[in-house]
Amino acid sequence: MSRGVAITGMGIISSIGNSVEENFNALIQSKPGITVIENITTVHKNVIKVGEIKKTNGQLAAELGLAADNNYSRTAMLGAIAAKQAVNNAGITDINEFNTGLISATSVGGMDMTERFFYDYAESDEHRRYILSHDAGDVAHKIADQLGLKGLVTTISTACSSAANAIMLGARLIKNGKLDRVIVGGTDALSKFTINGFKTLMILSDTYNTPFDNDRKGLNLGEAAAFLVLESDAVVKQQNKKVLAYLSGYGNANDAYHQTASSENGDGAFLSMEKAFKISGLAPSDIDYINAHGTATPNNDLSEGRAIIRAFGNNVPEFSSTKPFTGHTLAAAAAIEAVYSVLALQNGVVYPNLNFKTPMEEFDIVPQTELKEKEINHVLSNSFGFGGNCSTLLFSKS
């Protein structure tokens, strides 16, 4: 029997705040977290800007009560902090009281730790326990350990749509009666590997990113983690839980266009939105705000913009990208933007698309550039990955 999916808790840490409240205040006060690199020694330090969390690994470890010689990667620590916030926000005191799972998304995994010991590892086994934290699955298990969770634990890694797919899988497990409660989200830390990789792709900006601007130069990388607690309507009713929002629809599609690019017409993005509408029973005209993927790369913004026009026709609602605030946080992007979408619903606001100046010459839709208050009942959140692997989430008040 199909069951409803309620969001009862949220947690987040990003370059604009260490909690949900801090993130929301930064969004409505137009305070971005894009700076020069401070935590990583790299030749690109003064060449690019990033959305960096200004906490050292030592500070994160202390916050989690970890020993100094722990083998937690930065990705795992950020994820654990956000997940614990979400569980606390949901008022959960016994994580295993119901059939509960964890679905964690990551792209980078423990790369930040691996690269610290890469050269030494070839000569000695001394650092083996740290290298074992490299794989993406270790991140999920570390988070589960911090939560004390004994149920299903799994990992999703589909590039920049990873957390959206994690949320979707969690929702499907609840709707099909496989789980009663799922902690879903994503986490990624900055690393040399990521910076060098995106530098090689030539899609990093040397200034602040400008989504949907005709003169956009590329993205700013960021690091973040966010998790949401999804619960069945049966659990909500039994415990008389406060519901933050409902996950009403979702969809993903892969247009198989290119290894690192989406099709110019946004085929995969359009299909994912179409699927989300079908599952939710909503029409495009029901959407009050679109939290766009909006990476500020030439390919994404053209592809996404055309997909939005295909989906909404002449009635495109207000839309904006929040990546000028946080940078592109890769696998965590859909999770932090899911939190932002729920906050938009709760507070009746459309976030500003910072840094926008010049409309794109390919179409006549433009993002919302100022904070706007309005009644919002349904939010569409877009998250797209390499190769058109994309996910769309619909959040509703009821």
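The values are calculated or read from the model by the stated rules, or taken from the named source; none is laboratory data. Values in this document were obtained by computation on a predicted structure and should not be read as measured data. With ideal geometry, Cβ positions are generated from the backbone for all residues, glycine too; neighbour counts draw on all protein chains shown. Side chains are part of the model used for accessible areas, which takes the heavy atoms of the whole protein and leaves out ligands, DNA and RNA. Shrake-Rupley method; radii C 1.70, N 1.55, O 1.52, S 1.80 Å.
Couple of notes before you dig in:
- Residue list for segment 190-216, restricted to those being under 30 Å from T114 (Cβ atoms) and touching an Asp or Glu at 6+ places or on another chain (Cβ under 7 Å): L190, S191, K192, F193
- The listed residue being in a loop (DSSP other than H, G, I, E, B), among the polar types (S, T, N, Q) and over 14 Å from F395 (Cβ atoms), out of N299, N314: N314
- Of all the listed residues (I37, I95), the sole one being part of a loop (DSSP other than H, G, I, E, B) and in contact (Cβ under 8 Å) with a residue 60 or more places away in the chain is I37.
- Every residue from segment 275-296 that is within 17 Å of V379 (Cα to Cα), assigned to a loop (DSSP other than H, G, I, E, B) and out of contact with any Cys (no Cβ under 8 Å at 6 or more places or on another chain): G281, L282, A283, I287, D288, A292, G294
- For segment 222-236, the set of residues classified as part of a strand (DSSP E or B) and either over 22 Å from the mean Cα position of the chain (by Cα) or surrounded by fewer than 24 Cβ atoms within 10 Å (Cβ to Cβ) (or both) consists of S232 only.
- Among the conditions (1) modelled with pLDDT under 90; (2) assigned to a loop (DSSP other than H, G, I, E, B), the only one that L149 does not satisfy is (1).
- Selection status of G170, outside any helix (DSSP H, G or I) and either open to solvent by less than 60 Å² (accessible area, probe 1.4 Å) or at negative phi (or both): no
- Single match in A311, A283, A256 (criterion: crowded, with 20+ Cβ neighbours inside 10 Å and either on the phi > 0 side of the Ramachandran plot or hydrophobic (A, V, I, L, M, F, W, C) (or both)): A311
- Check on E318, in contact with a Lys or Arg (Cβ under 8 Å, 6 or more places away or on another chain), under 24 Å from L201 (Cβ atoms) and open to solvent by 10 Å² or more (accessible area, probe 1.4 Å): no
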